[in-house]
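Notes follow once the structure below has been shown.
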Amino acid sequence: MACAPGEMLFGRERHTITSRFRWAFFWSFTLFVQAVSVWALGQALPRIGLGPLFVLDFRETGENWHPALRTGFLAVVTLAWSFVYDFSYYWFHRLQHAVPFLWRFHATHHSIEELNGMNCGHHWSEGFLRVPLLLLPLALLVDLRFQEVAIIASIVGAWTQFVHANSTIDFGRLRWLFVSPRFHRVHHSTSSEHFNRNFAGVFPIIDVMFGTGKFPAEGETIEVGLTDKHEPRTIGEFLLVLRDKQETRLTPAPAE
Ligand SMILES: [Zn+2]
Ligand SMILES: [Zn+2]
């Protein structure tokens, strides 16, 4: 929502208000399922006696340091943790593209035609699927503890929304450091040369490491969406199944 005013004033395309409201509504399903799933995971792990391999407790580290130094230290720790998270997300995301069962649900995210900071929701089932395939392995690997982690992690989390912004923002040389809206737009492209590229959410270097990175050329126009499915317009299409584009051709073309 924070992206919306900037996108409306300076966006690269004109998007409808209706689609923003529709996706805000769809988002609420995914976030609700995710919140319940994460809560259930947090409840279940201690009860079945499973804990993380590493506990990194920085709550008292640098208590006597200058506040700027401590903030800098925690920012570095959070960036390192975010890299581990994005590395895990990268493989979860590749799996979603490689396994047809998972793609059925992830296709909802790719079907979006008016892509922006609000219209970037995922199918509600992803809120659940992320638990066994992404969050559980991470929870069993490392437990990061310090007060500011929620704030800094939220900023990093918000980045993955920002990369969908309806914008021509590019980061120049910094494009190698952080995923930009132009970099992620390639991932949503309808062009076959862009398929299965740019899976990372925050650090493009992960894509470069595994040979899936593609930085768009300057001024390159990238159309987004799916060639065979419409984006969901009704609650039924969002919850159950996307509409095939061919279905819209059932009406015969008028005679010339
Ligand atoms: Zn994807
Ligand atoms: Zn995306």
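What follows draws every value from the coordinates through simple rules; no lab data is involved. All of these numbers come straight from a predicted model, not from anything done at the bench. Don't worry about glycine lacking a Cβ; one is built from the backbone with ideal geometry, like all the others, and counts go over all protein chains shown.
Helical content alone sets the calculated 222 nm signal of the chain at -15500 deg cm²/dmol, taking -39,500 (n - 2.57) per DSSP H segment of four or more residues and averaging over every residue.
Taking the fewest neighbouring Cβ atoms within 10 Å as the starting point, the ordered list for VAL38, VAL84 is VAL84, VAL38. Across all directions, the shadow cast by the convex hull of the chain built on its C-alpha atoms averages 17.4 square nanometres. For the options SER19, SER191, SER154, a Gaussian network treatment of the chain with springs between C-alpha atoms closer than 10 Å singles out SER154 as fluctuating the most. The string of couplings for segment 188-200 from the Karplus curve (6.51, -1.76, 1.60, θ = phi - 60°) is 9, 5, 8, 7, 4, 5, 9, 4, 6, 10, 6, 7, 5 Hz, one whole number per residue in order, with x for Gly and Pro. Centroid-to-centroid, using Cα positions, segment 196-247 and segment 160-191 are 12 Å apart.
At the listed q of 0.23, 0.24 Å⁻¹, the Debye profile of segment 44-130, built from one uniform point per Cα, gives log10 I(q)/I(0) equal to -1.12, -1.16. In summary, the helical segments of the chain meeting the span-like criteria, namely a full DSSP H run, a Cα extent along the axis of 18 angstrom or more and a mean Kyte-Doolittle hydropathy of at least -1.0, are 17-47, 67-98, 149-162. Contact order for segment 17-240, expressed relative to its length and based on alpha carbon pairs under 8 Å spaced 6+ residues apart, stands at 26 percent.
The chymotrypsin sites (Phe, Trp or Tyr not before Pro) of segment 136-214 meeting both criteria, a DSSP state outside H, G, I, E and B (loop) and at most 14 other C-beta atoms within 10 angstrom of the site's C-beta, are PHE195, PHE210. Taken over segment 64-212, the percentage of Cα pairs per 5 Å bin, counting from 0 up to the bin with the maximum distance, is 2, 8, 16, 22, 21, 15, 9, 4, 2, 1, 0. Sorting TRP23, TRP81, TRP103 by the number of Cβ atoms found within 10 Å of their own Cβ, with the fewest placed first, yields TRP103, TRP81, TRP23. Farthest towards the positive end of the charge dipole of the chain, among the residues ALA165, LEU140, ILE48, is the Cα of ILE48, using unit charges on the Cβ of Lys, Arg, Asp and Glu. Using a Gaussian network model of the chain in which every pair of alpha carbons under 10 angstrom is joined by a spring, one finds that among THR108, THR71, THR227 the greatest mean-square fluctuation is at THR71. Exposure proxy shown here: for VAL208, VAL156, VAL202, the number of other Cβ atoms within 10 Å sets the order, fewest to most, as VAL208, VAL156, VAL202. Taking the chain as a Gaussian network, where each spring joins two C-alpha atoms under 10 Å apart, which residue of LYS229, LYS214, LYS245 fluctuates the most? With Cα springs under 10 Å in the chain, the top fluctuation among LYS229, LYS214, LYS245 is at LYS245.
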